[in-house]
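Student: Sharing a structure, written as structure tokens. Questions coming.
The values are calculated or read from the model by the stated rules, or taken from the named source; none is laboratory data. Here the structure is a predicted model, which is why all the values come from computation and not from measurement. We place every Cβ from the backbone using ideal geometry, glycine too, and count neighbours over all the protein chains shown. Remember, those area values only see protein heavy atoms, side chains included, never the ligands or the DNA or RNA. Shrake-Rupley method; radii C 1.70, N 1.55, O 1.52, S 1.80 Å.
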Amino acid sequence: MAGQAQQQPPKQRLRFKGKLYQKGQSTDALLKRVKTLRAELAEMEQDAVQVDSLDGVKVELVQANLMLHKDKAVKANVACCLADLLRLYAPDAPYTVNELKDIFQFFLHQLTLPNAGLSKPSGPQYPEYFYLLESLSNVKSVVLVCDTPNADEMMTDYFKAFFELTRPDMSKNVEICMADILVQLIDECVTLPNEVLEILLANFSTKAVKHTPAAHNMTVIVCGATKDRLQKHVAQYFTEVIVAAAEEEDPDAKMEAFQTAHSLIVQINRAVPSLLLNVIPQLEQELKAEDAQLRALATKMLGQMFAEKPSQKSGEGGDLAKKYASTWKAWLGRAYDKSVTLRTVWVEATKDLLISQPGLGGDLTQNLRDKLLEPDERVRAAMAKVLGELDYETLLHHVEKSVLLDLAERCKDRKLLVRQEALKSLGKMFHNAYPEIESHDPAATQQFAWIPSQIVKVVYTGGAEVSQSVAATVEEYILPPPSNSDDEVAWTNRLLLVVKFMEPDALKALLRLTNLILSKPSAYDAFVEACEAYNGGAGAEKDPAVRATLVMCIKRIASQCSEPQKAANDLHSFAKLNDARIYKLLRQSFDPQQDVKSLVKSRNEALRRVENASASIIETMKEFVRGGSSLILNRSSIPTLLKKLQQSRNDFSASQLAGASQFQQSQAGVSESQTQSQTMTMASVPDMEAYKASSKQLLEFVTKNRPQMLVAHVPELIKLLTDEGNPILAQVVLQALAAVARWSPDKVPMDRKLTDRVSKYARNGTRLQAKFASKLLSITGGLDNLGGTQSKRSTSSSTAGNATSIAYQALEEILEGLAKGLGKATGEQQVANLEALAQFFKHAPDASENVAASVVKVILAEILMKPWKGGDDEKTNTEDDWVDDDHLTSELQAKLLSLTVLTKRCQAFASTESANEMAKPIFRLLWAILSQGEARDLGTPAPAKARMRLAAALCVLKLARFQPYERSIGREYFNLAFALQDESFNVRNLLLNKLLTYLSRQKLTSRFVAMAFLVAFDPEEENRRMVEGYAAKMSSALPNAEMRLRLLDMSFVRFLHLLANHPDFSKETTDELAQFVRYVEFFLKCIANQQNVSLLFYLATRLKGVRDAESQGSSENLYALSELAQLVIKRRAAQSGWTIESYAGKITLPSDIFKPLPSREVQKELYERQHLPEELVKSLSEMVKPQRSQKVSEVDMKKRNTKRERERESNAAMRVIMSLLAHRYPCIL
């Protein structure tokens, strides 16, 4: 042991001799001696020095003449010497506590000297200052501060000074040492000063993070290293702050204090979440507080905290929900809080959670779905908005499709705010996902491809406001217009992709949004012309009809806007602007022959000029321009659509051909309910077939509704007709050329080559090829047309004349051949021949009349009257009540087309004197088929009979559009009406659809309106809704009370007359009579309102003053229905709070179905006699609330009479104006 001790090196002794400071000594000499001492001390190793040799300099270094020397270099080196002494004496302190206090104050002063110390790295003494700082950190001598008097104050001074000293460009080593010193102080202090805690927490504030990031970073380091020591102090601090805030009397000050504290908690959680170990439970308790504002604040802050990702500075966090499971569960429960505001806050907080913490998505799914079904619209709207703000990746991987499907349902919400947010959110989702869907990503396709279909179907759920919202969403997100001409192909391809995944109903809605179904000139064109005539008001002063025209146009267009009243005012304001340049731009925007680039340019410039002139009307004008222009399907789309029809498999990539199979595989795990909600017509076929089918649909739609768009492409269409290997392409091209020719025959040059080609298709083509080829030849070769399609050809053109001659010769040859071969033809060839003959009979009636007799003979004897053979298609003979188009046998097709041929012949000669004579046998045939499903007993199976009944009914409707034929329909009217109650849904549905279409376009007289309401008992809601929609649309579109009376209200008496002749009507039992209450209720639901309820009651009473024109039995039924209707009207008025007043006018009932009673005595007897069972009268009367007294004061009566006089004068003037407008603007009626 002694030997080992002798082997240890001897301890060093300080070699420095003499005093450091001598009186009269120069500063340089002093500095030299201090540096010498500092160098020797720095070289000495701790535990290897004889500390008694340091006693001399130890005492001298703390003298005032050194520590307070005026020279900075002297003091800096003295500080370094003192730091070394503390190192060498460690672990014992060489000074008294008072001396230590002075020393550490001296250290702090040196380190934080202004314009010196650590704040000036370029300063001459900076190495000494850093040496001092490093020594305090490494040696940990700074912990002696905790032993000094007033240690809390000095510790606070160190924290203040160090944080004030930090800056972004500070050396990293300096920052580490400073942070280490502060950590040592916290670890060694007996009690943590409140000021120190406040300094630390202040550096977590949002302001500190933004303005003093260096101090914030150092705080994070310090707190991260001392979190165990600080946790209880932090919890105590926030407890005191929150308690103090709760005691605030001023509500605003109270909430501000709460917000400040909670904001600080969020910032701490973002940087050092472990500091909040004991704070999170406090926040959990706040979630259950009585104060709704405090609950909302806690919900918001916890939502932010749960959403935090791991801190980049401390590496902590990101798993708060896992660590505090009970708090997470409590927070989820706030989704169902009684406060609407709090539920909205919760919803808004889910956005960051879904993005930053996707692993929590499973816990949120049910809550998200529930919030989309919230009773309060603000919560539903907030949830829809949040989903729309999520990024593509989050929606794809971490939001279940069920949530998106629920969001789609909110597009039909009854609240405007919710609908708009849902539509916008879904639109954004599809827009963001489109590149991936286009690239055939199976996941993206499965998650988002169904969205456009669901969006456009929303138009079926509401009125004009809904349609405008859908149209805006489609334009902005689903099918945005191309920015330049280079994007036109991509723009059309996007349309095709959207159509590929659309359900049939959705495609119909989308085509409606194209605005191509508007007749030209449309109401929008009429409005522009009316504005020009109005001339800012000057035109109305010269001609009052100008103002009336403008008002009519404004009313028509405003009814299609989201806010009709505002739109009407805005449109009138626009008319006052009288900007000729805008009028020109609008015409260009509405011109179907404009390419999309020009259309977008014109539209944008027009809206820009409107906004500059009157910014308040810009939203209405956007709706106006959108409603009149075609930015979904345009002339520029045609080349791409034609190209798709020409493409073969070699033109598609392998991914495109295989895209569908990938999509199908992705559907394997989708539930049945989800699959049903996302039915996609063409989603299961590759792009090639889907794009071909979609292109065909779109081109056919353009051909039918806007052939003007095809005019520029006629040369290309003629060229494509040479491709005989593509039958679908040939069919579409022939259809397009025929449509263009019908619009303007001069636009299709029928030379010999083209005529021969078209003739070939007319003779030997498929059914549809023959149809359109014959139509084209008929229009271009027919010299005169009796059916109303008058030739628009200019007779001055010799070229046109030659073309007509060539086409006419071909037409005659084909007609003769078809007539001779019709009886011999069989199967598909016979069907094609009948299609061709139908077109010839319609568009070239004179030329066709030469063969008409032989054709009609063959049709009657060898087709319609021929017994049913069947056998070539088993599905026609099934027990079903219907056969789809795809499964029609050629035999059934021939019978159906035979009716079409006969009907078109009658149509063509409707304006001739022989019309009625020609139509009589056709009508007899149609009525027979309508009743029996066949001309006579031919053994026709039930599905085929249903198709024949429908065809006969449709043919009757087509003929009824012509006045001579409409007048010839007598009591057979009932057979047509009761076809709407056919046993087959398809018969009812398709007939009703055609009926309402004709009525909407006023192609049928008002006598046919009544039959539509027979759907009251239809088992399918779809048909009832169709009638309700028609009634609502007509009610809003009719311009005045007179037209409403004629077209809608008067249908009530015809409807009751129809019911009186109903085969099911019986007065034998009360129950049988009571069933007809439903008919009247349905009519009132569709038509009745506060304004016309008195009129309807008056009409019901008038029926007891007439008799049925043909049947006494029906008259008795009519009187019973009159009383029944009166009681039901009273009940409806009582339920709706309407007042039934005496109707002041006098109305003549239709003379075609009613006759006057023979005498007043009979009339009196009928009025006094009750025709309903007393039991039914009592039952209906009990539900009628007492009406307000019918008595009115003399003053009220005078006011009412004056008002009626004004209405009569207004109606008289309107009749004059309507007669002037009817010819020029049929579209606005």
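Student: Within the range 774-800, can you find the residues that are at pLDDT 50 or above and in a helix (DSSP H, G or I)?
Tutor: Ser774, Lys775, Leu776, Leu777, Ser778, Ile779, Thr780, Gly781
Residue-by-condition table, conditions (1) open to solvent by 10 Å² or more (accessible area, probe 1.4 Å); (2) of a type outside the set (D, E, K, R); (3) part of a helix (DSSP H, G or I); (4) modelled with pLDDT of 90 or more:
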site: Lys869; (1), (2), (3), (4): yes, no, no, no
site: Lys875; (1), (2), (3), (4): yes, no, yes, no
site: Leu896; (1), (2), (3), (4): yes, yes, yes, yes
site: Thr900; (1), (2), (3), (4): yes, yes, yes, yes
site: Thr903; (1), (2), (3), (4): no, yes, yes, yes
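Student: Now for a different question. Would you be able to say whether some residue in the range 766-775 is more than 17 Å from Lys842 (Cα to Cα), of a type outside the set (Lys, Arg) and without any contact (Cβ under 8 Å) to a residue 24 or more places away in the chain?
Tutor: no
Student: With respect to Val209, determine if the residue is out of contact with any Lys or Arg (no Cβ under 7 Å at 6 or more places or on another chain), within 19 Å of Asp228 (Cβ to Cβ), modelled with pLDDT under 90 and open to solvent by 20 Å² or more (accessible area, probe 1.4 Å).
Tutor: Here the answer is no, as Val209 does not meet what is asked.
Student: Further, regarding this structure: Do any residues in the range 617-635 that are in contact (Cβ under 8 Å) with a residue 24 or more places away in the chain have Cβ atoms under 7 Å from those of residues that are of a type in the set (S, T, N, Q) and open to solvent by less than 10 Å² (accessible area, probe 1.4 Å), where the two are at least six apart or on different chains, and which pairs are they?
Tutor: Short answer, once both residue conditions are applied: Val625/Ser589; Gly628/Ser522; Gly628/Ser589; Ser629/Ser589; Ser630/Thr514; Ile632/Thr514; Leu633/Thr514.
Student: Still on this structure, please answer the following. Check the range 992-1003 and report whether any residue there is buried (at least 17 other Cβ atoms within 10 Å of the Cβ) and farther than 29 Å from Ala942 by Cβ.
Tutor: Looking for residues that are buried (at least 17 other Cβ atoms within 10 Å of the Cβ) and farther than 29 Å from Ala942 by Cβ, one finds at least one in the range 992-1003, hence yes.
Student: Return the residues of the range 1115-1159 that are in a helix (DSSP H, G or I), open to solvent by 10 Å² or more (accessible area, probe 1.4 Å) and either among the acidic types (Asp, Glu) or touching a helix residue (DSSP H, G or I) at 6+ places or on another chain (Cβ under 7 Å) (or both); say none if nothing qualifies.
Tutor: Passing the criteria: Glu1116, Asn1117, Glu1123, Gln1126, Leu1127, Arg1131, Arg1132.
Student: Quick one: is Glu1021 more than 27 Å from Glu1110 (Cα to Cα), of a type outside the set (Gly, Ala, Ser) and free of Cβ contacts under 8 Å to residues at least 24 places away in the same chain?
Tutor: Against the criterion (more than 27 Å from Glu1110 (Cα to Cα), of a type outside the set (Gly, Ala, Ser) and free of Cβ contacts under 8 Å to residues at least 24 places away in the same chain), Glu1021 qualifies.
Student: Are any of the residues in the range 1073-1080 open to solvent by less than 70 Å² (accessible area, probe 1.4 Å), farther than 24 Å from Leu1048 by Cβ and part of a helix (DSSP H, G or I)?
Tutor: For the range 1073-1080, residues open to solvent by less than 70 Å² (accessible area, probe 1.4 Å), farther than 24 Å from Leu1048 by Cβ and part of a helix (DSSP H, G or I): present.
Student: With the structure loaded, tell me whether Pro482 is in a loop (DSSP other than H, G, I, E, B), within 30 Å of Pro435 (Cα to Cα) and at pLDDT below 90 or whether it fails that test.
Tutor: Spelling it out, Pro482 is indeed in a loop (DSSP other than H, G, I, E, B), within 30 Å of Pro435 (Cα to Cα) and at pLDDT below 90.
Student: What are the pairs, 6+ residues apart or on separate chains, where a residue within the range 160-175 that is under 15 Å from Ala208 (Cα atoms) and at pLDDT 90 or above has its Cβ under 9 Å from a residue that is aliphatic (A, V, I, L, M) and surrounded by fewer than 13 Cβ atoms within 10 Å (Cβ to Cβ)?
Tutor: none
Student: When residues of the range 441-475 are filtered for being charged (D, E, K, R), crowded, with 21+ Cβ neighbours inside 10 Å and within 13 Å of Gln560 (Cβ to Cβ), how many remain?
Tutor: 0
Student: Please find, among Ala244, Ala298, the residue that is surrounded by fewer than 14 Cβ atoms within 10 Å (Cβ to Cβ), in a helix (DSSP H, G or I) and not charged (D, E, K, R).
Tutor: Step by step, each of Ala244, Ala298 is checked, and only Ala244 is surrounded by fewer than 14 Cβ atoms within 10 Å (Cβ to Cβ), in a helix (DSSP H, G or I) and not charged (D, E, K, R).
Here is a yes/no grid of residues against (1) charged (D, E, K, R); (2) within 21 Å of Ser1142 (Cα to Cα):
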position	(1), (2)
Ala1088	no, yes
Ser1094	no, yes
Phe1097	no, yes
Leu1103	no, yes
Asp1108	yes, no
Ser1111	no, no
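Student: Go through (1) open to solvent by less than 60 Å² (accessible area, probe 1.4 Å); (2) without any contact (Cβ under 8 Å) to a residue 24 or more places away in the chain; (3) in contact with a helix residue (DSSP H, G or I) (Cβ under 7 Å, 6 or more places away or on another chain) one by one and return the number of the condition Lys945 breaks.
Tutor: (3)
Student: Which of the following residues is in a helix (DSSP H, G or I), acidic (Asp, Glu) and farther than 25 Å from Val209 by Cβ: Glu290, Glu284?
Tutor: One residue alone meets the criteria, Glu284.
Student: For the range 29-82, how many residues meet the condition of being of a type in the set (Lys, Arg) and either at pLDDT below 85 or under 60 Å from the mean Cα position of the chain (by Cα) (or both)?
Tutor: Going through the range 29-82 one residue at a time, the tally reaches 1.
Student: Output the residues belonging to the range 692-723 that are open to solvent by 20 Å² or more (accessible area, probe 1.4 Å) and more than 18 Å from Ala738 (Cα to Cα).
Tutor: Lys692, Ala693
Student: Let me ask another. Scan the range 563-610 for residues that are of a type in the set (Asp, Glu), under 18 Å from Asn634 (Cβ atoms) and not in a helix (DSSP H, G or I) and report the count.
Tutor: Selection size over the range 563-610: 2.
Student: The conditions are (1) at pLDDT 90 or above; (2) within 17 Å of His843 (Cα to Cα); (3) charged (D, E, K, R), and Lys760 fails exactly one of them. Which is it?
Tutor: (2)
Student: Does Asp1018 satisfy being surrounded by fewer than 19 Cβ atoms within 10 Å (Cβ to Cβ) and not basic (Lys, Arg)?
Tutor: No.
Student: Can you pull out every residue in the range 195-206 that is touching a Ser or Thr at 6+ places or on another chain (Cβ under 9 Å) and open to solvent by 10 Å² or more (accessible area, probe 1.4 Å)?
Tutor: The answer is Glu195, Ile199, Ala202, Asn203, Ser205, Thr206.
Student: Output yes when any residue across the range 6-14 is modelled with pLDDT under 85, in a helix (DSSP H, G or I) and touching a Pro at 6+ places or on another chain (Cβ under 6 Å), and no when none is.
Tutor: No, because not a single residue in the range 6-14 is modelled with pLDDT under 85, in a helix (DSSP H, G or I) and touching a Pro at 6+ places or on another chain (Cβ under 6 Å).
Student: Scan the range 257-293 residue by residue and report those that are open to solvent by 50 Å² or more (accessible area, probe 1.4 Å), closer than 14 Å to Tyr324 by Cα and in contact with a helix residue (DSSP H, G or I) (Cβ under 8 Å, 6 or more places away or on another chain).
Tutor: Within the range 257-293, Leu277, Asn278, Pro281 qualify.
Student: Would you mind telling me which numbered condition in (1) of a type in the set (A, V, I, L, M); (2) part of a loop (DSSP other than H, G, I, E, B); (3) more than 19 Å from Gly1105 (Cβ to Cβ) Leu1176 fails?
Tutor: Leu1176 satisfies all of (1) of a type in the set (A, V, I, L, M); (2) part of a loop (DSSP other than H, G, I, E, B); (3) more than 19 Å from Gly1105 (Cβ to Cβ) except (2).
Student: Among the residues of the range 224-241, which ones are assigned to a helix (DSSP H, G or I), of a type outside the set (Phe, Trp, Tyr) and either touching a residue at least 40 places away in the same chain (Cβ under 8 Å) or crowded, with 18+ Cβ neighbours inside 10 Å (or both)?
Tutor: Gly224, Ala225, Lys227, Arg229, Leu230, Gln231, Lys232, His233, Val234, Ala235, Thr239, Val241
Student: Follow-up. State all residues of the range 405-414 that are surrounded by fewer than 20 Cβ atoms within 10 Å (Cβ to Cβ) and either in contact (Cβ under 8 Å) with a residue 24 or more places away in the chain or of a type in the set (Ser, Thr, Tyr) (or both); if no residue qualifies, say none.
Tutor: Scanning the range 405-414 gives Leu405, Glu409, Lys412.
Student: Could I ask something else about it? Of the residues in the range 247-266, how many are without any contact (Cβ under 8 Å) to a residue 24 or more places away in the chain and assigned to a helix (DSSP H, G or I)?
Tutor: Going through the range 247-266 one residue at a time, the tally reaches 8.
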